[in-house]
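*Asks:* Here it is, the structure in full.
Each value in this text was obtained by applying a stated rule to the coordinates, not by laboratory testing. Note that the coordinates shown come from a computational prediction; the quantities given were computed from them, not determined experimentally. Glycine gets a Cβ as well: all are built from the backbone with ideal geometry, and neighbour counts include every protein chain shown.
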Amino acid sequence: MGKTKGFLSYVRRNPALGWGFGILLALFLFTTVGQLFVVRENAYPLKVPVNKPPSAQYPFGTDSQGKDLLAGMVVGTGMTLSIGMIAGVIGLGVGTILGFTSGYYGGIFDTVVKFIVDVLMTIPSYLLLLLIATTVTDPGSMKTVEMALILSIVSWVGPTRTIRSQVLSMKERAFVMMAKLSGMSGIEIILKEMMPNLMPYLAISLAGAVSGGVMGSLGLEALGIGNRREPTLGMMIYWVRYYGAFLRGMWWWILEPVIAIALVFIAFLLISIGLDEVANPRVRRKV
């Protein structure tokens, strides 16, 4: 109970973090609890009348493929967040392992990792994703997990570079030197001394990695690269463009995915701002 009160008290002093988690929680409830109130099959083509504006029967309207947009938003928002989460967790996990090990141990391994990261940083990641996605599988039938794995191929580069630079600075500090003198192994120093000090930064990196995974999936799917039958937010944007919803005045079909996408990015932006206050004492608010 005391910890809960302490957390709520801190959230009141850090409104960005509270609002970010609040929006993310609302999206999570929308895509989980919301499935109890919609027919999941209606999120797929040829299930309901086409091109119906919002009404009591279809609160979000329907599209030109005969999909209930409310059911599509409930199912698709969860799919899009899942893609971002899987890609972000894998990318940050690989980046954390490579960043800590190469930065702490140095040597040939560090040189190789640094070279690969520097080369990949010079290549536009979106162009690389397009090349990989159109090469390894059928772009029109890509599964959600496949999309996330493809995005994770480039999502580890940024975390590796930034974590490595933090480790290079940290390993020269007194507490790491004392840990070495006490006989701790390199793995112990990384896990027990260095990683806890970077936890707030790793949390910020996770928020950024998940947001980047969502953005990458939206970019690919808006071009038709992905499973075109699934009602993800990116595919919804693709069908909006394909059927010319702008020219036909179907505002409900356009507005709903745009609002959901905006809420996702606002949530992760606010979480990053809030976590930055946790990690950076210079911007921390006083009680």
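*Asks:* Pull up all non-local amide H partners of MET184: gap of 5 or more, or a different chain, and H-to-H distance under 5 Å with H placed in the peptide plane.
*Replies:* none
*Asks:* Hey, got the dipole for the chain? About the Cα centre, +1 on K and R Cβ, -1 on D and E Cβ, debye to the nearest 20?
*Replies:* Its charge dipole is roughly 820 debye.
*Asks:* Work out which helices of the chain, taken as complete DSSP H runs, extend at least 18 Å along their axis over the Cα atoms and score a mean Kyte-Doolittle of -1.0 or more, then list them.
*Replies:* What comes out of the filter, once short or polar helices are dropped, is 15-32, 69-105, 107-122, 157-170, 199-222, 251-279.
*Asks:* By the scheme Lys and Arg +1, Asp and Glu -1, what is the net charge of all other residues having a beta-carbon under 15 Å from that of GLU221?
*Replies:* Around GLU221, the surrounding residues sum to +1.
*Asks:* Hey, another quick one. Karplus couplings for the range 48-63 from phi (6.51 cos²θ - 1.76 cosθ + 1.60, θ = phi - 60°), rounded to Hz, Gly and Pro as x?
*Replies:* So the J values, rounded to whole Hz, are 9, x, 8, 6, 8, x, x, 8, 5, 6, 10, x, 9, x, 10, 10.
*Asks:* While we're on this one: Please check: in the Gaussian network model of the chain (C-alpha springs, under 10 Å), which one of PHE109, PHE265, PHE21 has the largest mean-square fluctuation.
*Replies:* Fluctuation is largest for PHE109.
*Asks:* Counting only C-alpha contacts under 8 Å and six or more residues apart, can you give the relative contact order of the chain as a whole percent?
*Replies:* Value for the chain: 28 percent.
*Asks:* While we're here: Going highest first, how would you order 48-55, 72-79 by mean Cβ packing within 10 Å?
*Replies:* 72-79, 48-55
*Asks:* Which shape class applies to the range 1-111: rounded if a/c is under 1.5, otherwise prolate when a/b exceeds b/c and oblate if not, where a ≥ b ≥ c are the square roots of the Cα gyration tensor eigenvalues?
*Replies:* Taking the square roots of the gyration eigenvalues as a ≥ b ≥ c, the range 1-111 is oblate.
*Asks:* While we're here: At LEU127 and MET195, where each label point lies 7 Å from the Cα along Cα→Cβ, what is the point-to-point distance in nanometres?
*Replies:* 3.7
*Asks:* Counting alpha carbon pairs within less than 8 Å and at least 6 residues apart, what relative contact order, in whole percent, applies to the range 1-110?
*Replies:* 19
*Asks:* Taking R0 as 51 Å, what's the FRET efficiency between ASN51 and PHE109 from their Cβ-Cβ distance, rounded to 0.05?
*Replies:* Between ASN51 and PHE109 the formula returns 0.30.
*Asks:* Another question about this same structure. Give me the count of lysine pairs in the chain whose alpha carbons sit under 15 angstrom apart, restricted to pairs 8 or more positions apart or on different chains.
*Replies:* The result is 5.
*Asks:* Where does the chain land at 222 nm, in deg cm²/dmol rounded to the nearest 500, when only DSSP H runs of n ≥ 4 count, each adding -39500 (n - 2.57), divided by all residues?
*Replies:* Taking each H run of at least 4 residues, the total per residue is -22500 deg cm²/dmol.
*Asks:* Here's a follow-up. Which listed residue (PRO231, SER185, PHE246) has the Cα farthest towards the positive end of the charge dipole for the chain, taking +1 on Lys and Arg C-beta and -1 on Asp and Glu C-beta about the Cα centre?
*Replies:* SER185
*Asks:* Order these peptides, 249-256, 211-218, by their mean beta-carbon neighbour count within 10 angstrom, highest first.
*Replies:* 211-218, 249-256
*Asks:* Using Cα springs under 10 Å in a Gaussian network model of the chain, which residue among GLN57, GLN166, GLN65 shows the largest mean-square fluctuation?
*Replies:* In this elastic network of the chain, the residue with the biggest mean-square fluctuation among GLN57, GLN166, GLN65 is GLN57.
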